[in-house]
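Remarks on the structure that follows.
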Amino acid sequence: MLELLLTLSIVMILASIAMPLSKVTAKRQQELELRQQLRLFRSAIDTFKLEWNRDGEVLLGPACIKNKLTCKEVASIYGYPKSLDVLLEVKLTGEEASVKGVTVRRYLRALPRDPLTGKSDWRLRCYKDSPKPMSWCGEDVYDVSTQHEAKALDGTSYQDW
């Protein structure tokens, strides 16, 4: 009986150590996935900006110059995509579409899921917004962040990533 109680107490001590460690490991995995999704989004926005860049009415990016009508529909006056849907599909109308036979350009295959909320409901920021906007201006997509308001393991807010 004594041996059984001793074994049971050792198992309980080991389990009490393992439980908090597994919670931290799961949270760390979510944080890694969030960083990956943000990196993916920001890379797509940067690539779009390089190709569809414009400064007001001046067309600067190579895709923008070749597809003048499409450029004004999909890119804001600062050269950023007007919405997240633009990153999923841009229909080409200019010489690039007729010469190369390419009619659609994609920057994302699908909208990534936020690992913290489980949905594709990202917090958007415009080019002219402050670093921590209360709401999206609706003109372009300069940056994205999670809508989850919790703190990370390092003490920073997820929304500041």
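Details
- For Arg125, residues with placed amide H under 5 Å, excluding near neighbours: Tyr142, Asp143
- Comparing Cys137, Cys126, Cys71 in a Gaussian network model of the chain, where Cα atoms under 10 Å apart are tied by springs, the biggest mean-square fluctuation is seen for Cys137.
- A straight chain from Val24 to Ser135 at 0.36 nm per residue would run longer than the Cα-Cα distance by 36.8 nm.
- Charge tally for Tyr78 (other residues, Cβ to Cβ under 11 Å; Lys, Arg +1; Asp, Glu -1): +1.
- Reported label for calculated semi-axes √(5λ) of the Cα gyration tensor in Å given [x] 48, 17, 10; [y] 29, 19, 15; [z] 29, 24, 15: [x]
- Selection from Ile13, Leu34, Thr93 lying farthest towards where the dipole of segment 1-126 points positive, charges on Cβ: Thr93
- Accessible area expressed per residue, the chain, with surrounding protein chains retained (probe 1.4 Å, Å²): 64 Å²
- For the chain, the longest principal axis of the Cα atoms and the long axis of helix 2-52 meet at an angle of about 10 degrees.
- Across segment 65-75, coupling constants 3J(HN,Hα) worked out from phi with the 6.51/-1.76/1.60 Karplus curve, θ = phi - 60°, read 5, 6, 10, 4, 5, 5, 4, 6, 7, 9, 10 Hz, and Gly and Pro carry x.
- 3J(HN,Hα) couplings calculated from phi for segment 148-154 with the Karplus curve 6.51 cos²θ - 1.76 cosθ + 1.60 (θ = phi - 60°) are, in sequence order, 5, 9, 6, 9, 7, 4, 8 Hz; Gly and Pro show x.
- Qualifying lysines (Cα of each under 20 Å from Cα of Lys27; at least 8 residues distant if same chain): Lys119, Lys151
- Environment charge of Glu149, counting only residues whose C-beta is closer than 14 Å and scoring Lys/Arg +1, Asp/Glu -1: 0
- Computed on the chain, with alpha-carbon pairs under 8 angstrom and 6+ residues apart, the relative contact order is 18 percent.
- Seen from Leu21, the other residues with C-beta closer than 15 Å to its C-beta sum to a net charge of +3, counting Lys and Arg as +1 and Asp and Glu as -1.
- Most mobile of Ala15, Ala110, Ala75 in a GNM of the chain (Cα contacts under 10 Å): Ala15
- Set of lysines near Lys72 by C-alpha distance (under 17 Å), chain-local residues within fewer than 8 positions excluded: Lys49, Lys82, Lys91
- Cα centroid of segment 29-74 to Cα centroid of segment 116-161, whole Å: 18 Å
- The chain: most fluctuating residue of Lys132, Lys91, Lys66 per GNM, C-alpha cutoff 10 Å: Lys132
- Site pair Thr103 and Gln36 shows an inter-label distance of 3.4 nm when each label is modelled 7 Å from Cα along Cα→Cβ.
The values are calculated or read from the model by the stated rules, or taken from the named source; none is laboratory data. Since the model is a prediction, treat every value here as computed from it, not as a measurement. Heads up, the Cβs are rebuilt from the backbone with ideal geometry, glycines too, and the neighbour counts pull from every protein chain shown. In case anyone asks, the SASA skips ligands and DNA or RNA and just uses the protein heavy atoms, side chains included. Shrake-Rupley method; radii C 1.70, N 1.55, O 1.52, S 1.80 Å.
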